[in-house]
Amino acid sequence: MTRRRRRPAGGVRGAAALLLLGVVLLGSGAGLALGGDTRLEASDLGAVPAEPTAATRAVPVARVLPVLAPPDPVAVPGAPIAPREPWTVSAVFPRPAAEPGAAAPPVVPAVLELPARGLAAPVDAVGTAPDGGMVVPEQVRTVGWWAPGVLPGGTTGSAVIAGHVDSRTQGIGFLSVLPQLVVGEPVVVRGADGRTAGYRVVARREYGKHDLPREVFRRDGDPQLVLITCGGVFDPAARSYESNIVVYAVPEP
């Protein structure tokens with residue numbers, strides 16, 4: 001992910017200042033190089049497992065970041081981000097009605113929302129590069145949902161959303177806020193059809209560049225949302241950050 005610069009003590013820097021993009025929901029330091037490189041390298045995120053195994057569920061020891069006080073709600077300047085146009089699907093037969101008490105179907109993500117902060121970002125479906133790395137949208141204010149994994153709102157597995165922390169040319173990324181998320185804070189994934197999957201933050205971790213748990217990408221086990229971005233110190237020689245910020249969230253009760 002691209003480079004972040006710290007704010008000076010006296011105020012906010014000018015347009016050249018780059019901030020850290022911070023998570024679940026839902027890692028090793030996913031370094032996105034400045035300029036042309038627009039994906040999380042396999043050496044940063046770790047190769048995506050083909051099938052979950054017992055080994056993929058072993059989580060390395062991570063540094064626990066301090067928990068901050070919950071933020072006051074922030075009004076969104078201007079009009080909110082509108083959901084994308086829904087996909088059109090032709091059907092001969094009407095969709096059967098859900099049985100009483102049946103779980104709602106998963107949500108195909110179109111927008112990621114942080115309601116307590118008045119923030120929202122469009123979501124693109126992304127895949128896996130030939131070398132095993134997770135592809136990330138080039139635009140830093142757009143986040144990527146790992147489509148080979150599970151859908152948000154499902155009953156099992158880890159839904160993964162990742163994005164750039166910042167960019168030399170585009171500025172601050174949407175997920176730069178991850179280091180500020182607090183336990184209990186709501187996260188909402190909204191589908192193009194208007195349905196939502198709600199989560200609450202339960203943990204925030206920082207993992208070394210080569211220590212991102214493969215458990216992050218699991219397709220089984222309890223449902224969770226995992227949010228990932230770059231963190232730590234930026235290494236100009238390697239053109240990457242030293243670690244990843246990972247936020248874990250669980251479904252609303």
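Where a number appears in this text, it was derived from the coordinates with a stated rule and is not lab data. Please read these numbers as outputs of a predicted model, since none were measured by experiment.
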Per residue of segment 117-131, in order, report the coupling 6.51 cos²θ - 1.76 cosθ + 1.60 (Karplus, θ = phi - 60°) as ³J(HN,Hα) in whole Hz, putting x for Gly and Pro. 10, x, 10, 8, 9, x, 10, 10, 6, 10, x, 10, 6, x, 8
If eta is 1.306 mPa s and T is 10 °C, what Stokes-Einstein diffusion coefficient results for segment 113-243, Kirkwood Rh from Cα pairs, in µm²/s? 103
Name the residues whose placed amide hydrogens come within less than 5 Å of the amide hydrogen of Asp166, ignoring near sequence neighbours (fewer than 5 apart) on the same chain. Thr2, Leu21, Gly173
Listed by chain and number, the residues whose amide H is under 5 Å from that of Thr142, excluding neighbours fewer than 5 places away on the same chain and using placed H, are Phe174
Step through the residues of segment 132-145 one at a time and calculate ³J(HN,Hα) from phi using the Karplus curve (6.51 cos²θ - 1.76 cosθ + 1.60, θ = phi - 60°), rounding each to whole Hz and writing x for Gly and Pro. x, x, 7, 6, 10, x, 5, 6, 6, 9, 10, 10, x, 9
Each residue of segment 160-170 in turn: what ³J(HN,Hα) in whole Hz from Karplus with 6.51, -1.76, 1.60 and θ = phi - 60°, glycine and Pro shown as x? 10, 10, 9, x, 5, 7, 6, 8, 4, 9, 9
